[in-house]
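Accompanying notes for the structure given below.
Here, each number is a calculation from the coordinates, and none is a lab measurement. Note that the structure is a prediction, hence the values are computed from the model and not measured. With ideal geometry, Cβ positions are generated from the backbone for all residues, glycine too; neighbour counts draw on all protein chains shown.
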Amino acid sequence: MKGFSVEWLALREPYDLAARNALVRDAVANAFLGQAAISVVDLACGAGATLRALGPHLPPRQSWRLVDNSLSLLARAFTPGHLPHVTVTTTPIDLARDLELALDGPLDLVTTSALLDLVSTEWLDRLVVEVAARRLPFYAALTYDGRSVAAPPARLDVELLAGFNLHQRTDKGFGPALGPSAAVRAAERFEHFGYALVQGRSDWVFGTDDRAIQDALFAGWAEVGPLTTGLSADDIAQWLAQRRAYLAAGRSSLRVGHVDIFARPIGSR
Ligand SMILES: C[S@@+](CC[C@H](N)C(=O)[O-])C[C@H]1O[C@@H](n2cnc3c(N)ncnc32)[C@H](O)[C@@H]1O
């Protein structure tokens, strides 16, 4: 299952929804309390998960600009039927090239999810400069932070996870990616520009019944293993077989670390 496929985003969405940090989400909601209307841009929206997760917590009249470079994902981003005063426009933009275009016009809030770990230091710094220049609040959910703990443990878990985290730093279209260090960097840069930060963990916690998503993640570790570890194909295949045996026996659980942040210009209401 590929990183931005419709199937992968659909598989992860309910887990993302459960994992989103409620304190951070409430801080976003509180920043707009009493406001009748809000205008939001969601960067790298995928199929619209942030609209569905955050929309119910925002003022009733909402205008969303959903931005992504995938036409097939944008085509699937939709307005939830139970929110009658929500208007949505979908805008295809290559954010690596035309970030500034996405931030054009009147906006109250910039959001994103599962994006920051994919981008480079340079691109993240550019994003923070552009957002801070407009004094806009910024909500970024579900940034992977490098922590993953599988139970029961298997031989080579540590090596395969290290390889996966190394692969997280490879270029995903924005230059060499920040991977697990992205959330810390984003918080630092926003503080530098006079923002107040609310942060909290938003870990995936998969129990023994959450087999499909664990299988997809372990398969991902195995796929990049030959590129990022010194392990042989046999070692990697045996490791994956062991993890799958735990899954099939209903014994496998997995925690994957994420961080949510809400950055708000100091001095704003
Ligand atoms: C991990 S997905 C997250 C999607 C969505 N925010 C969510 O939480 O389900 C990363 C998203 O970044 C988008 N993306 C990757 N590179 C991009 C680029 N250069 N410009 C715009 N979007 C991009 C992908 O198409 C994908 O939708």
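Which members of segment 40-71 meet the condition of being within 7 Å of the ligand (Cβ to nearest atom) and part of a helix (DSSP H, G or I)?
ALA49, THR50
In segment 72-106, how many residues are assigned to a loop (DSSP other than H, G, I, E, B) and of a type outside the set (A, V, I, L, M)?
Residues flagged as assigned to a loop (DSSP other than H, G, I, E, B) and of a type outside the set (A, V, I, L, M) within segment 72-106 amount to 11.
For segment 14-21, check the following and say yes or no: at least one residue is touching a Lys or Arg at 6+ places or on another chain (Cβ under 8 Å), within 16 Å of the ligand (Cβ to nearest atom) and farther than 30 Å from ARG97 by Cβ.
Yes, some residue in segment 14-21 is touching a Lys or Arg at 6+ places or on another chain (Cβ under 8 Å), within 16 Å of the ligand (Cβ to nearest atom) and farther than 30 Å from ARG97 by Cβ.
Using beta carbons and a limit of 8 Å, which pairs, at least six apart or on different chains, have the first residue in segment 15-41 and on the phi < 0 side of the Ramachandran plot and the second one crowded, with 19+ Cβ neighbours inside 10 Å and basic (Lys, Arg)?
ALA27/ARG264; ALA31/ARG264; SER39/ARG65; VAL40/ARG65; VAL41/ARG65
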